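Engineer: This is the structure, below, for whatever I ask next.
Rule-based calculations on the coordinates, nothing more; no lab input. As the structure is a computational prediction, the values presented were derived from the model and not from experiment. Note: ideal-geometry Cβ built from the backbone for every residue, glycine included; neighbour counts use all protein chains shown.
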Amino acid sequence: MLKKVFMAGVVFLFACTISAKGYCQGSVKELCASSAKEFQKINQLKGFMPDQLNDADYKTIQHAAEVMAANEGTRQSKFNVDANTMNISKLVQTHAGRIADRCKSDKVGLIEDVGHNFRFLFLSCRSCHQIYVTEAGVAP
Ligand code: HEC
């Protein structure tokens, strides 16, 4: 029985490794495209005044930040090959994580704090692009 479970695990991991797209989010490009979508959601909401935002908006921000942090975790475990990218990935996770955490507490000053952490997040995403894909001209 255990042996079967183990074999299924091995087969699954193998499928993940060889599939360019599909089973387990196949490429850096896909991960980034997903993060970029979430990034824009926060980018729009952070421009509002606190009294224009409601609980659903904060949930949207929190969820977006969580997805980005999770994407970065996936990237880190699957694609990061050197210590530099590893560190940049950690920066993205840290700042996305701070945004998500901040959404769970006091509303006073919340959107300002999100904006502050979002600038760090922007720079973290950007630092990888500026080093590794300068020619692509991606935003951030
Ligand atoms: C560790 C490096 C790294 C980090 C961190 C990173 N990216 Fe990327 N990003 C890349 C690479 C490499 C590409 C080019 C992928 C390709 O074209 O194959 C890319 C491409 C993109 C693209 C273009 C995607 C497309 O469809 O052509 C966008 C948009 C993007 N990243 C957004 C982000 C956002 C938002 C973040 C932060 C949450 C982020 N990236 C963090 C390395 C990174």
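Engineer: Per residue, how big is the convex hull around the C-alpha atoms of the stretch 25-136? Give it to me in cubic angstrom, could you?
Structural biologist: Convex hull of Cα atoms, per residue: 92 Å³.
Engineer: Simple spin-label model, 7 Å along Cα-to-Cβ: GLU30 to MET86 in nm?
Structural biologist: 2.5
Engineer: Then there is this: Taking the Cβ of each residue in TYR58, TYR132 as the centre, tally the other Cβ atoms inside 10 Å and list the residues starting with the fewest.
Structural biologist: Result, fewest neighbours first: TYR132, TYR58.
Engineer: Here's another thing I want to ask about it. Under a 5 Å amide H to amide H cut-off, with H placed in plane at 1.01 Å, what residues pair with LEU53 once short-range neighbours are removed?
Structural biologist: none
Engineer: Per residue of the stretch 47-62, in order, report the coupling 6.51 cos²θ - 1.76 cosθ + 1.60 (Karplus, θ = phi - 60°) as ³J(HN,Hα) in whole Hz, putting x for Gly and Pro.
Structural biologist: My calculation for the stretch 47-62 gives x, 7, 7, x, 6, 8, 9, 10, 4, 5, 5, 5, 5, 4, 5, 4 Hz in order.
Engineer: Short version: ³J(HN,Hα) in whole Hz for each residue of the stretch 63-75, in order, from phi by Karplus 6.51 cos²θ - 1.76 cosθ + 1.60 (θ = phi - 60°), x for Gly and Pro, what are they?
Structural biologist: 5, 4, 5, 5, 5, 4, 4, 5, 4, 5, x, 5, 4
Engineer: Using 0.36 nm per residue of separation minus the Cα-Cα distance, give me the extension gain between VAL108 and LEU123 in nm, one decimal.
Structural biologist: Net length gain for the segment: 2.9 nm.
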